[in-house]
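Written below as structure tokens is the structure these notes are about.
Read the figures in this text as sums done on the coordinates, not as results from a lab. Everything quoted here is computed from the prediction, not taken from an experiment. Quick reminder, even Gly has a Cβ in these numbers, built from the backbone with ideal geometry, and neighbours come from all protein chains shown.
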Amino acid sequence: MSKNSSFLDDEFFIIDSTNLDSTKSTFYGYTIQNNDIIRQSTFNSDDELNGTGAYVLVNVEDEEISIHQDNMGCYGLYEYKCGDYFAISNSFLKLVEYLYKTTYPISFNEDFANHYISSGITPEIPDETLVNEIKILPRNVIVHINKSDKSMTYEELDFKEGTVSIDSEEGMALLDKWYFRWAGLIRHLRNETNFITIDISGGFDSRIVSALWLSANINLNDILIYSSETGTKRFMEDYEIASEIAGHFDFKLNKKRPIRTVPLELTDSLNRPSYVELGFHKHRVHPTITYGLPHYRISGHCGGLVRNHPNLTLEEYVESILERSKKIDNTTYESTKRLLDSKIDEFCARYDIDKTSNGTASLYYRDIRNRHHFGKEWIDSYLYNKITLAPLSDPDLSKLKANTEECEDDLLLFSVIFLRYCPDLLNFKIEGEREIKKETIEHAAKINERYPFEPKDFKYIEGPETDRTINNKKKFHTSDEIKKIFSDIFLSQNFVKEFEKYYSPKVYDRFRMRLKNRKDFPLEDVYASIDILKIRDYVKINNTINQDSYGDWLNSYDAIESVNDELKIEGNNLKMDKLLEKYHTLRIDVKNIGMDTNDLEIVEKSDKYCTETTPEWFGKSKGIGHVLKTSQPYFDIKFRAINDGLFNIRLRGSDVKDRNGKKFPVFIDCKKVEIDGESVLEDNLLVCHEDPYSFEKEVSDGDIISIHIEWLPFNSQSVYRTEELDMLRHTVETEIFNFDNLVKRSKEVLKKEK
């Protein structure tokens with residue numbers, strides 16, 4: 001077994017309805033209990049989980065398996081169902097890799113992919129993934145599996161977030177409980193190790209966390225208190241403010257200290273983040289080392305949870321998501337809108353909220369973007385022995401309201417924390433010319449006077465002596481070398497050719513320019529594009545496996561033959577005709593993209609039985625789209641362009657679902673495609689509904705566009721044989737995504753360049 005296989009087995013699980021009896025109790029990740037970090041090796045099943053940290057617990061008791069997760073749902077629980085069969089994992093990619101070689105069907109989620117590629121750091125759609133049949137469960141769900149009858153049920157927890165007034169005895173008790181939990185943990189860690197990094201900036205969130213470690217009475221030497229010294233104007237302002245705070249409290253910024261590391265093989269650096277972040281996080285880090293001893297990072301992550309960010313109605317927030325999606329192209333906008341239209345009302349019903357009410361966006365942000373943005377990063381870091389501690393994600397703190405009826409400022413809770421635990425922090429400016437209002441601070445002072453703080457006498461903690469003898473092995477590779485590998489994949493001709501099957505050259509060129517010009521996270525679009533093509537490839541292979549029998553089944557109907565240029569079915573059996581129709585129909589989607597009034601007029605067509613529709617979803621913006629369906633193996637059609645625009649044609653198979661409502665591909669073998677007399681296909685091409693062929697060209701008002709298509713249903717008359725189809729479906733995986741081959745090639749390239 002390879003190192004990577006062992007790693008995957010240790011850190012991620014697959015539970016399905018066929019392996020319930022072999023499932024064992026296992027704790028994944030880390031949590032906080034009694035001022036200590038609990039991991040797999042120290043977890044006691046008798047201990048009660050409190051929701052802190054980043055974890056999943058699989059607990060087996062007699063005939064029941066229960067699966068618990070932290071309050072943010074950092075890993076995610078990914079669920080697949082097909083009839084009576086189910087599978088669940090704490091890694092989306094691991095679950096896809098488990099399913100794609102099986103006979104259980106999976107299909108590509110086109111809309112989610114289009115949204116993901118146009119989103120910010122993370123997608124912002126509830127429960128969807130890049131595979132239609134795999135859903136991510138809500139963060140407040142416990143899964144219960146009955147081993148006897150193989151049934152699965154869900155227990156929804158009420159976290160009571162934002163329910164307790166800060167101006168109350170209960171609220172202040174929760175706040176002090178939060179303070180002593182984290183101050184105690186920081187003191188415990190400082191007593192044990194020097195391997196601690198603390199983030200500090202000029203903003204609100206890291207400064208609130210500073211109130212904990214600055215009041216904990218610990219030695220701040222020999223640990224790293226970090227603030228970025230270079231970068232944008234914002235980072236420079238952050239560093240300036242952080243330096244002022246450091247001078248006041250007498251500690252050094254960015255002080256280097258020895259730390260024990262172990263270099264990672266290139267395969268590990270390339271692979272590991274994908275099992276956590278693929279399809280959910282674009283700001284990927286591929287570390288070149290892991291830490292020899294646990295390394296702790298105290299972070300200001302999740303400050304938005306404590307100050308109602310974003311302070312918008314859900315309706316306003318959804319509009320901002322849609323505006324971002326428009327920046328790529330109309331397809332990404334339409335997909336994002338379809339997903340949001342189908343999910344928002346369901347989300348509001350689950351929480352019994354009105355999408356037009358103030359502050360409802362923060363709940364949506366917490367449930368979706370926050371868990372992916374920070375949660376995925378924490379798990380990824382954990383896999384390299386770096387444990388992120390984020391006091392602002394604490395479940396007790398989340399129960400508190402950010403403000404009161406008397407003071408509606410969302411910075412009231414922050415003001416109470418500053419005044420209560422470290423008031424000197426209010427003496428420094430906030431990055432971005434932000435500030436806390438004088439009246440908010442005055443109201444916070446009154447609350448603290450009403451419920452006075454009773455501090456504990458913290459004894460000074462020096463910490464262990466620094467080990468000056470650490471001599472680490474040289475790293476096998478650098479982060480720049482890894483970035484070059486991914487950028488080379490993205491810029492390769494193979495990748496461009498595959499990517500432009502699904503997205504226009506304009507989208508690729510946009511991403512290529514961003515890769516070239518962006519200073520911060522230039523690979524954001526690269527990772528998203530690779531994620532999408534990688535999962536498409538797994539789906540194609542799965543569809544090939546599941547369609548072996550389909551091809552044989554269709555070929556057994558010798559009655560399907562071409563008569564007078566029309567496909568006929570022997571015996572004129574109407575029931576049989578209806579059954580087979582979807583397998584011998586070519587679908588053609590056309591649109592003149594431009595203004596909303598853009599259209600295409602059919603001038604003539606060779607198939608008098610060809611159907612033509614104008615679906616509502618295809619005509620909402622940038623032109624009126626048409627869907628044509630023909631059963632003629634030779635098909636000619638002419639369109640007249642109405643208004644200048646971009647003519648787009650997509651060839652695909654029928655949209656087919658099985659008796660369980662699951663989509664599966666019906667392949668069409670495109671033999672020849674000519675546009676205005678010019679051939680646009682080099683070879684035969686297999687297409688299906690989820691994997692179409694697309695062509696675009698600029699047109700002017702009044703232009704006539706002539707189309708000639710020759711095609712076959714995918715049967716024994718097709719040029720593709722089974723083994724050739726297998727090779728076709730593995731092309732992308734073998735040439736682009738097979739990391740063993742990639743590592744081998746990249747090492748050769750890097751060796752030549754040194």
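On a 0 to 90 degree scale, rounded to 10, what angle separates helix 205-214 from the longest Cα axis of the chain?
The angle comes out near 30 degrees.
Seen from all sides and averaged, what is the projected area of the convex hull of the Cα atoms in region 3-156, in nm²?
Mean shadow area of the hull around the Cα atoms is 10.5 nm².
Across the Cα atoms of region 69-142, what radius of gyration and what greatest pairwise Cα-Cα distance (Dmax) are found, in Å?
Expressed in Å, the Cα Rg and Dmax of region 69-142 come to 12.6, 37.
If you place +1 on the Cβ of every Lys and Arg, -1 on the Cβ of every Asp and Glu, and leave all else neutral, what size is the dipole of region 3-156 about its Cα centre, to the nearest 20 Debye?
Magnitude of the dipole: close to 500 debye.
So which trypsin sites (Lys or Arg not before Pro) in region 609-717 pass both tests, a DSSP loop state and at most 11 other Cβ atoms within 10 Å of the Cβ?
Sparse-neighbourhood loop trypsin sites (Lys or Arg not before Pro): 659.
To the nearest 20 Debye, how big is the dipole of the chain about its Cα centre, given +1 on the beta carbon of each Lys and Arg and -1 on that of each Asp and Glu?
That gives a dipole near 2320 debye.
Go ahead and run the numbers for FRET between residue 127 and residue 657, Cβ-Cβ distance against an R0 of 22 Å, rounding to 0.05.
Between residue 127 and residue 657 the formula returns 0.70.
With the calculation restricted to Cα positions, what are the radius of gyration and Dmax of region 314-365 in angstrom?
According to the Cα coordinates of region 314-365, Rg and Dmax are 11.4, 34 Å.
Put +1 on the Cβ of each Lys and Arg and -1 on the Cβ of each Asp and Glu in the chain; which of 325, 381, 453 then has its Cα farthest toward the positive end of the dipole?
With unit charges placed on the Cβ atoms, the residue in question is 381.
When the chain is fully extended, how far beyond the present Cα-Cα distance does residue 604 get from residue 695, taking 0.36 nm per residue of separation?
Difference between extended and current length: 30.7 nm.
Calculate the FRET efficiency for residue 501 and residue 243 from the Cβ-Cβ distance with a Förster distance of 56 Å, rounded to the nearest 0.05.
In this case the efficiency is close to 0.60.
Alpha carbon centre of region 629-699 versus region 141-171: separation in Å?
Result: 48 Å between the Cα centres.
With an 8 Å Cα cut-off and a minimum separation of 6 or more residues, compute the relative contact order for the chain in percent.
13
At what distance in nm do the modelled label points of residue 462 and residue 442 sit from each other, each positioned 7 Å from its Cα along Cα→Cβ?
In this crude label model, residue 462 to residue 442 measures out at 4.8 nm.
So how tilted is helix 722-732 from the main axis of the chain? Cα-based, degrees 0 to 90, rounded to 10.
Approximately 40 degrees, to the nearest 10.
Of 86, 43, 130, whose Cα points farthest to the positive end of the dipole of region 3-156 (charges on the beta-carbon: +1 Lys, Arg; -1 Asp, Glu; origin at the Cα centre)?
Working it through, the farthest residue towards the positive pole turns out to be 130.
Treating cross-link reach as a plain straight distance, find the lysines whose alpha-carbon is under 17 Å from the alpha-carbon of residue 401, omitting any fewer than eight places away in the same chain.
160, 177, 446
Would you mind checking the pairs 135/663; 135/582; 506/591 and listing those with alpha carbons more than 24 angstrom apart?
Too far apart for the 24 Å limit: 135/582.
Do you know the relative contact order of region 74-173, to the nearest whole percent, from alpha carbon pairs under 8 angstrom that are 6+ apart?
Relative contact order comes out at 20 percent.
For the Cα atoms of the chain, what angle does the longest principal axis make with the long axis of helix 169-192, in degrees from 0 to 90, nearest 10?
Rounded to the nearest ten degrees, it is 90.
Taking 25 Å as R0, compute the FRET efficiency from the Cβ-Cβ separation of residue 158 and residue 316 and round it to 0.05.
E between residue 158 and residue 316, to the nearest 0.05, is 0.45.
How large is the dipole of region 181-309 about the Cα centre if only Lys and Arg carry +1 and Asp and Glu carry -1, each at its Cβ, rounded to the nearest 20 debye?
Its charge dipole is roughly 180 debye.
Take the alpha carbon atoms of region 209-261, find their center, do the same for region 468-536, and report the distance between the two centers in whole angstrom.
32
Among 108-116, 173-181, 79-87, what's the highest-first ranking by average C-beta atoms within 10 angstrom per residue?
Ranking the peptides 108-116, 173-181, 79-87 by packing returns 108-116, 173-181, 79-87.
Residue 97 to residue 21: extension gain in nm, 0.36 nm per residue of separation minus the Cα-Cα distance?
25.2 nm
Given 0.36 nm per residue, what is the gain on full extension from residue 84 to residue 177 after removing their alpha carbon distance, in nm?
Result: 28.9 nm gained on full extension.
Sort 255, 534 by Cβ crowding within 10 Å, fewest neighbours at the top.
255, 534
Can you flag which of 94/483; 376/474; 534/697; 81/147 are past 21 Å Cα-Cα?
Beyond 21 Å: 94/483; 376/474; 534/697.
Go ahead and estimate [θ] at 222 nm for the chain from helices alone: -39,500 (n - 2.57) per DSSP H run with n ≥ 4, summed, over the residue count, rounded to 500.
-10500 deg cm²/dmol
Between residue 596 and residue 9, what is the spin-label point distance in nm, taking each point 7 Å from the Cα along the Cα→C-beta axis?
That separation, rounded to one decimal, is 6.0 nm.
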